[in-house]
Amino acid sequence: EQALKEAEAITEVKEEEFFKGIPYIAKDNISTKGLETTASSKILEGYVPIFDAEVITRLKNAGAILIAKSTLDELAMGGTGTSGHKGVTTNPYNPEHLIGGSSCGSAAAVAAGIVPFALDSVRKPASFAGLVGIKPSWGRISRLGLFPFATSMDAIGYFTRNVYDSAKVLELLAGYDEKDMSSSKKEVENYSHFEKDTS
């Protein structure tokens, strides 16, 4: 209902507002204010965060619309997509095959064409689903609001269906966050306009 209200409120989209009105999905271990966030675990059933993760804030500010939270292996501990408390997530190209984990729900949603991108931790499901998966360098994207698993390795990544969309998402999400002490201060580059050096 909230997503529909946000979409209905959009009356004009300017050329530079690339994300305005675009639907997306966030893995259910990324904090969303006012929305249940369980990391696919019964132990967290009913937990409703009081703040948004930094990536959610940046997407909201850009006008993107969160339409769902996606399932994962319980507490992000797994690689199959079979241990989340809401059931098994399979590959939309062939339900007899796994989509991989822990990022199963987000990968399945993008592969099925439900959304053009989804926040997640990526890697194996990107290859299982034929998607572009970005796992950024540590600290490139703020981890504020990500349920911790292994802080020396944790990163928020995402899936898209093409490289250009991946570059645009990185331009939006990358950059320093003073609320995350591991956040990189490196300048955010214009990733979507890189040109091949032919010299």
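The values are calculated or read from the model by the stated rules, or taken from the named source; none is laboratory data. Keep in mind it's a predicted model, so treat the numbers as computed, not measured. All Cβ positions, even for glycine, are placed from backbone atoms using ideal geometry, and neighbour counts span all protein chains on display. Only protein heavy atoms, including side chains, enter the accessible area calculation; ligands, DNA and RNA are left aside. Shrake-Rupley method; radii C 1.70, N 1.55, O 1.52, S 1.80 Å.
The number of residues in region 134-171 that are among the β-branched types (V, I, T), assigned to a loop (DSSP other than H, G, I, E, B) and without any contact (Cβ under 8 Å) to a residue 40 or more places away in the chain comes to 1. Restricting attention to region 51-68, which residues are open to solvent by 50 Å² or more (accessible area, probe 1.4 Å) and in contact with a Gly (Cβ under 8 Å, 6 or more places away or on another chain)? Correct list: F51 only.
Each row is one residue, and each column tells you yes or no for (1) of a type in the set (A, V, I, L, M); (2) at pLDDT 95 or above.
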| site | (1), (2) |
| --- | --- |
| R58 | no, yes |
| L98 | yes, no |
| A107 | yes, yes |
| Y158 | no, yes |
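Only a single item in (1) touching a Leu at 6+ places or on another chain (Cβ under 7 Å); (2) closer than 24 Å to S166 by Cα; (3) surrounded by 21 or more Cβ atoms within 10 Å (Cβ to Cβ); (4) modelled with pLDDT of 95 or more is not met by G81, and it is number (4). When T11 is tested against (1) of a type outside the set (A, V, I, L, M, F, W, C); (2) under 19 Å from the mean Cα position of the chain (by Cα); (3) more than 18 Å from A118 (Cβ to Cβ), exactly one condition is not met: (2).
Selection over region 1-42 of residues that are of a type in the set (A, V, I, L, M) and touching a helix residue (DSSP H, G or I) at 6+ places or on another chain (Cβ under 7 Å) gives a count of 4. Evaluation of G113 against the conditions (1) modelled with pLDDT of 95 or more; (2) outside any strand (DSSP E or B); (3) open to solvent by less than 10 Å² (accessible area, probe 1.4 Å) shows that the sole unmet condition is (3).
Taken together, the residues in region 11-45 that are in a loop (DSSP other than H, G, I, E, B) and open to solvent by less than 50 Å² (accessible area, probe 1.4 Å) amount to 11.
Against the test of being in contact with a strand residue (DSSP E or B) (Cβ under 8 Å, 6 or more places away or on another chain) and open to solvent by 60 Å² or more (accessible area, probe 1.4 Å), the options F128, F194 yield a single qualifying residue, F128.
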